[in-house]
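Enquirer: Before anything else, here's the structure in question.
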Amino acid sequence: MIVAIHQPQYLPWIGYFDKLDRADVFVLLDNVQYKKNEWQNRNRIRTSQGWQWITVPVLYKYPEKINVVKINNAIDWRRKHLNALVCNYSKAPFFKEHRLFFEETFARHWEYLVEINLHIIQYLNRALGINKEIVLASRLSLREEPTERLIDICKHVQTDTYLSGKDGAKYMNFDTFAQANIQVTFQDFHHPTYSQLHEPFEPFMSIVDLLFNHGRHSLEIIRSQKRR
């Protein structure tokens, strides 16, 4: 069985769901330090002018962990995010199929960043037809050292293979994995090209760009690139 482990991101990009698709269990690593100006509270969507950020404002105090980071609801971000999706994707072929979910999502009050990230990731997991088990790391009893934390997760979900991102080798101790009889493999994702509402093609957008444009065919497009 294969486990993949990744921080919970906001409206993640396509490669995030390629990783989810390759795994049997996907663990959201929400009990590590929050990183400012990365992907945990923002992502990019396609516009007629290229792309734009949509960012969830947070009340972050160093060195808080992801699962305790609160959203700054003094800012009217939910209305702005829904408007951004409607304005830029209302003419996309499959936007109507998912509009109600996002309307209901942005109508809700969210206190913690991890809550809305988990909610959206779970929905996209189903909408794409991936349907894998998703587990929050903060609900597990884990050691703090990075490699030991990963091994503890692997043991909890009873897996013999850990699917790492391409940069995982920079911080992992492979001898420790070997001693625990856990094989380490690496994601080698090749970004697909697909039709968007506007040209030229802009890669590395949020997964919603692919989903709104290609609907039920999105997972086929993700899987279309050669996997090693």
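Enquirer: Only loop residues by DSSP count here, and only those with at most 11 other Cβ atoms within 10 Å; note down the GluC sites (Glu not before Pro) in the stretch 67-156 that meet that.
Expert: E111, E144
Enquirer: Keeping the other protein chains in place, figure out the carbon and sulfur percent of the accessible area of the chain, with a 1.4 Å probe.
Expert: So the carbon and sulfur contribution to the accessible surface is 47 percent.
Enquirer: Next question. Under the 0.36 nm per residue contour assumption, what length would be gained going from the current alpha-carbon distance of E38 and D76 to full extension?
Expert: Result for the pair: 11.6 nm of gain on full extension.
Enquirer: Between R108 and S90, 0.36 nm times their residue separation minus their Cα-Cα distance comes to what?
Expert: Value of the extension gain: 4.4 nm.
Enquirer: In the structure displayed, which of K70/K170; K19/K80; K35/K166 lie more than 22 Å apart, Cα to Cα?
Expert: K70/K170; K19/K80
Enquirer: Enumerate the aspartates and glutamates that K36 could reach by cross-link, defined here as Cα to Cα under 13 Å, with residues fewer than 8 away along the same chain left out.
Expert: E64
Enquirer: Could you calculate, for the stretch 163-228, the ratio of the Cα radius of gyration to the Kirkwood radius, expressed as Rg to Rh?
Expert: 1.14
Enquirer: A further question follows. Taking a quarter of the surface of the convex hull around the Cα atoms of the chain, what do you get in nm²?
Expert: The orientation-averaged projected area of the Cα hull of the chain comes to 12.3 nm².
Enquirer: Could you tell me which residue out of N213, L124, T161 lies farthest along the dipole of the chain toward its positive end? Charges go on the beta carbon: Lys and Arg +1, Asp and Glu -1, centred on the Cα centre.
Expert: Final value for the positive-end residue is N213.
Enquirer: In the stretch 132-189, which chymotrypsin sites (Phe, Trp or Tyr not before Pro) are in a loop and have at most 12 other Cβ atoms within 10 Å, using DSSP for the loop call?
Expert: Sites meeting the loop and neighbour criteria: Y171.
Enquirer: Students often forget the sequence filter, so: which aspartates and glutamates lie under 17 Å Cα-Cα from K91 once same-chain residues fewer than 8 apart are removed?
Expert: E103, E199, D209
Enquirer: What whole-number value in Å² describes the accessible area per residue of the chain for a 1.4 Å probe?
Expert: 50 Å²
Enquirer: Here is a further query. Tell me, what does the Kirkwood hydrodynamic radius of the stretch 98-199 come to in angstroms if you use every pair of distinct C-alpha atoms?
Expert: One decimal place: 16.8 Å for the Kirkwood radius.
Enquirer: Taking amide H atoms as placed 1.01 Å from N in the peptide plane, list the residues 5 or more away in sequence, or in a different chain, whose amide H sits under 5 Å from that of W13.
Expert: Amide H neighbours of W13: I207.
The values are calculated or read from the model by the stated rules, or taken from the named source; none is laboratory data. The structure displayed is predicted, hence computed values, not measured ones. When we count neighbours, we look across all protein chains shown, and the Cβ atoms used for this are built from the backbone with ideal geometry, even at glycine. All accessible areas refer to the heavy atoms of the entire protein, side chains included, with ligands and DNA or RNA removed. Shrake-Rupley method; radii C 1.70, N 1.55, O 1.52, S 1.80 Å.
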